[in-house]
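Below is one structure, written out as structure tokens; the observations come after it.
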Amino acid sequence: MTTGGDTVAKVHHLPCNIEHTGTAPVASYFMPTATGTDVDGLPVQQAAFRGRRLKGVHLPLPAGFCGHLLQRASAGNKHKQPWSCVSFFDSFTYWNHDATPIKTDPLRKVVDWLELSQKLHCPITADQIQEQIQQKGL
């Protein structure tokens with residue numbers, strides 16, 4: 001993968017499959033608005049796509065994580081990599097059909113798992129273990 005993308009992307013995860021490759025005037029047609037309600041401390045937005053009502057929330061990625069938007073590299077790619085990074089993101093908005101997004105939605109669970117996984121796999125020093133033993137009185 002080559003990285004040339006230094007722009008921050010505005011990412012939306014829609015509950016549908018769009019059979020289109022290329023640019024589209026998304027900002028002209030997809031216009032989310034605030035509903036004035038919160039769920040789990042996140043403001044809920046609403047929008048419509050092809051006549052279907054959507055409800056969404058904006059989710060930040062956990063600290064230390066960054067998403068990348070990739071595209072297939074051109075045939076003349078000097079790095080011989082099949083993908084190139086066109087931009088990155090540190091948050092995204094995910095949408096549900098009609099239902100308000102909640103903490104138990106599968107996509108929310110994935111984002112929560114990223115943070116938990118990072119904590120599970122971070123190295124622990126002997127000093128930290130000793131400190132925990134002393135705090136617990138073991």
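The values are calculated or read from the model by the stated rules, or taken from the named source; none is laboratory data. Quick caveat, the model's predicted, so the values are computed rather than measured. A quick note on method: Cβ atoms are made from the backbone with ideal geometry, for glycine too, and the neighbour counts reach across all protein chains shown. Calculation scope for accessible area: heavy atoms of the full protein, side chains included, ligands and nucleic acids excluded. Shrake-Rupley method; radii C 1.70, N 1.55, O 1.52, S 1.80 Å.
Pro62 fulfils the conditions (1) in contact with an Asp or Glu (Cβ under 8 Å, 6 or more places away or on another chain); (2) assigned to a strand (DSSP E or B) except for a single criterion, (2). Of all residues in region 14-27, those that are under 20 Å from Gly56 (Cα atoms) and in contact (Cβ under 8 Å) with a residue 12 or more places away in the chain have Cβ atoms under 9 Å from Cβ atoms of residues that are open to solvent by less than 60 Å² (accessible area, probe 1.4 Å) and in a loop (DSSP other than H, G, I, E, B), 6 or more apart or on another chain, in Leu14/Phe30. Among the polar types (S, T, N, Q), in a loop (DSSP other than H, G, I, E, B) and surrounded by fewer than 10 Cβ atoms within 10 Å (Cβ to Cβ): is that true of Thr100 in this structure? Here the answer is no, as Thr100 does not meet what is asked. Would you mention how many residues in region 38-58 are on the phi < 0 side of the Ramachandran plot and open to solvent by 70 Å² or more (accessible area, probe 1.4 Å)? So the answer is 6.
With Leu138, Leu69, Leu61, Leu114 as the choices, which residue is open to solvent by 90 Å² or more (accessible area, probe 1.4 Å) and either under 22 Å from Pro15 (Cα atoms) or at pLDDT below 90 (or both)? Outline the logic, then answer.
Details: Leu69 fails: open to solvent by 90 Å² or more (accessible area, probe 1.4 Å); Leu61 fails: open to solvent by 90 Å² or more (accessible area, probe 1.4 Å); Leu114 fails: open to solvent by 90 Å² or more (accessible area, probe 1.4 Å).
Answer to the check: Leu138.
For Lys80, the conditions (1) more than 30 Å from Gly22 (Cα to Cα); (2) open to solvent by 90 Å² or more (accessible area, probe 1.4 Å); (3) not in a strand (DSSP E or B) all hold with the exception of (1).
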